[in-house]
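All of the numbers you see were taken from the coordinates with simple rules; none came from a lab. As the structure is a computational prediction, the values presented were derived from the model and not from experiment. As a convention, Cβ positions derive from the backbone with ideal geometry for all residues, glycine included, and neighbour counts pool all protein chains shown.
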Amino acid sequence: MTAAGTDSAVLEPTTPVAYRVAGKRKEMGDTWTLELEPVGDQRLPGFLPGQFSMLYAFGSGEVPISVSAIAGGSGELTHTVRAVGAATGAICDARPGDQLGVRGPFGSVWPLDAAEGGDVVVVAGGIGLAPLRPAIEQLIAERDRYRAVTVLCGARSPDEMLYPSELQDWREAGIAVETTVDSATGDWEGRVGLVTKLIPLAPFQGERATAFVCGPEIMMRFVAAELRGRGIPPGRIHVSLERNMQCAVGHCGHCQLAHLFVCRDGPVFALDRVEPLLGVREL
Amino acid sequence: MRTIDQLLSEAPAFSGMSSDQLELIAGCGLNRVFEDGEYVMREGEPADVFYVLRSGRVALEVYMPGRGALTIETLDHGELLGWSWLVPPYRVAFDAKAIGTVHAIAFDGACLRGKSDQDTELGYELMKRIVPVLVERLQATRVQLLDVYGGPGPV
Ligand SMILES: Cc1cc2nc3c(=O)[nH]c(=O)nc-3n(C[C@H](O)[C@H](O)[C@H](O)COP(=O)(O)OP(=O)(O)OC[C@H]3O[C@@H](n4cnc5c(N)ncnc54)[C@H](O)[C@@H]3O)c2cc1C
Ligand code: FES
């Protein structure tokens with residue numbers, strides 16, 4: 001995939017580019033998908049699955065948000081944001097026409113090429129499906145490059161399952177999609193239980209599989225243990241980590257995790273690089 | 001048609017068990033079918049049966065006043081349903097409802113307890129197979145309590 005922006009060469013990664021909210025869709029209670037388009041001639045280079053931008057809501061703060069769809073060079077950016085605090089709240093409150101500052105693309109990518117020829121298992125927890133969606137779309141677009149492709153999604157409740165209609169589209173596109181929730185009321189007939197419970201049932205062979213995992217860190221720890229139990233080597237289990245960020249270019253040290261900078265060396269890491277660091281109390 | 005001991009050996013919890021022991025356990029079992037929506041067990045009733053699910057899905061429910069039935073776990077093919085038959089006061093802890101048609105092997109808990117008391121080797125083997133299932137469920141419940149998807153974000 002090539003960079004979409006024409007003026008990207010002159011852009012400073014520390015200077016936000018003005019984007020306008022072109023469209024907005026409510027995904028669930030506190031989570032919105034925003035479509036952004038450049039206000040002027042300047043646009044950011046193309047993003048790859050797994051990368052993130054720094055979204056700046058004027059007056060409220062700047063936060064890292066992963067790209068949740070790849071626009072194919074039109075200069076549009078898609079982000080799915082859960083309002084948890086000041087900055088994400090302001091971003092979710094933005095209305096069509098409002099402007100946000102955007103920097104990026106930053107960070108490492110889901111290594112889809114390295115998974116070629118093998119099975120792929122994607123495990124998402126909650127809003128963790130957002131950063132994985134571009135990878136899933138690419139797996140579907142290039143379906144014949146891979147063997148079995150499985151997507152496993154966990155959420156707190158059926159109402160909090162992200163992109164429900166896309167899950168169905170993905171099934172129809174020839175990949176296995178299984179979901180589970182922590183608890184359910186009403187007429188939910190799907191599974192209830194931990195997302196880890198889906199792993200023993202998934203149709204992949206550990207020795208030839210690659211895994212992409214995104215969700216709360218504690219979930220990723222349990223998922224990683226289960227995936228290893230099914231024989232996937234830690235070097236082929238990729239997780240996307242979250243740390244608070246400021247510069248996003250490896251200067252300020254805000255996102256430091258031992259010798260790694262999550263903004264520059266990650267956010268997508270092979271498990272063997274970060275496993276000893278997951279769950280470390282004070283970093 | 002496959003016999004109960006053959007069906008039982010296909011459940012992960014019982015795989016690899018000796019054929020003699022499988023036969024002994026199978027002597028306490030019989031095939032059952034539950035229709036969609038039918039309750040396999042009801043909270044509070046005597047827990048004298050446990051099930052190995054052959055097909056279909058069972059929802060474990062708790063009734064929450066004002067909210068209705070809350071499903072806290074579902075069980076599928078090959079899984080064990082019910083362990084209250086193991087420990088006094090032998091009362092069912094949750095409602096268990098069939099989602100779709102469920103085929104299961106029902107085991108008489110009192111019969112199994114009796115055989116285990118007589119044949120402690122069998123009882124020990126049975127415990128070695130049931131305890132890991134209980135531990136796995138306990139751990140899963142603990143993680144579920146952490147509310148992992150709603151918890152705090154980046155460090
Ligand atoms: C590489 C990367 C990619 C990310 N991608 C996305 C994305 O695609 N969509 C998205 O919505 N978020 C994403 N995040 C998380 C997002 O950056 C944070 O939610 C945001 O920084 C919170 O800032 P705030 O000012 O809104 O809240 P703050 O004021 O910083 O925090 C408010 C409260 O929310 C809690 N909190 C903070 N972050 C989270 C979180 N992630 N989940 C739950 N609780 C949290 C805090 O502990 C605090 O109690 C990503 C983070 C990283 C590092
Ligand atoms: S955010 Fe500044 S070094 Fe990573």
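Normalised by the number of residues in chain B, the mean separation of alpha-carbon contacts (under 8 Å, six or more apart) gives a relative contact order of 28 percent. Taking the longest Cα principal axis of chain B as reference, the axis of helix B:120-145 is set at about 10 degrees. Alpha-carbon geometry of the range A:119-278: the Rg and the Dmax are 15.9, 51 Å, given in that order. Taking other C-beta atoms within 10 angstrom as a stand-in for reagent exposure, B:55, A:157 fall in the order B:55, A:157, fewest first. Going by neighbour counts of Cβ atoms within 10 Å, the residues A:28, A:161, B:1 line up, fewest first, as B:1, A:28, A:161. Among A:71, A:86, A:18, the largest mean-square fluctuation in a Gaussian network model of chain A (Cα springs under 10 Å) belongs to A:86. Full extension of the chain between residue A:254 and residue A:142 gives 36.6 nm of extra length, using 0.36 nm per residue less the Cα-Cα distance. If you rank B:19, A:68 by fewest surrounding Cβ atoms within 10 Å, what's the result? Ordered by Cβ neighbours within 10 Å, fewest first: B:19, A:68. Summary value for chain A: 16 percent relative contact order, contacts being C-alpha pairs under 8 angstrom separated by 6+ residues. Charge tally for residue B:89 (other residues, Cβ to Cβ under 14 Å; Lys, Arg +1; Asp, Glu -1): -1. Which residue fluctuates most in the GNM of chain A (Cα springs below 10 Å): A:119, A:265, A:169? Per the Cα network of chain A with a 10 Å cutoff, A:169 tops the list. With both labels modelled 7 Å from their Cα along Cα-to-Cβ, the residue A:12 to residue A:30 distance reads 3.5 nm. Of all the options B:12, B:65, B:88, the one that moves most in a Gaussian network model of chain B with Cα springs shorter than 10 angstrom is B:65. Distance between the pseudo-spin-label points of residue B:32 and residue B:1 (7 Å out from Cα toward the beta carbon): 1.8 nm.
Need the full-extension length gain, residue B:101 to residue B:139, defined as separation in residues times 0.36 nm minus the C-alpha distance. One decimal, nm.
In short, 10.8 nm is gained.
How big is the gap, in Å, between the Cα center of the range A:34-48 and the Cα center of the range A:124-160? Centre-to-centre (Cα) distance: 24 Å.
Helical runs (DSSP H, four residues minimum) scored at -39500 (n - 2.57) apiece and divided by the length of chain A put the mean residue ellipticity at 222 nm at -5000 deg cm²/dmol.
Normalised by the number of residues in the range A:8-106, the average gap of Cα pairs under 8 Å and 6 or more apart makes the relative contact order 36 percent. Got a sec? Charge dipole of the protein assembly as shown, +1 on Cβ for Lys and Arg, -1 for Asp and Glu; which of B:37, A:78, B:19 is way out at the positive end? Value: A:78. Taking each DSSP H run with n ≥ 4 as -39500 (n - 2.57) and averaging over every residue of chain B yields -10000 deg cm²/dmol at 222 nm. Sites listed here are trypsin sites (Lys or Arg not before Pro) in the range B:6-85 whose DSSP assignment is loop and whose Cβ has at most 16 other Cβ atoms within 10 Å: B:42, B:67. Pair-distance distribution P(r) for the protein assembly as shown, from all Cα-Cα distances in 20 Å bins starting at 0: 24, 49, 22, 5, 0 percent.
Spin-label pair residue A:20-residue B:146: with each label point 7 Å from Cα along the Cα-Cβ axis, the two points sit 4.5 nm from one another.
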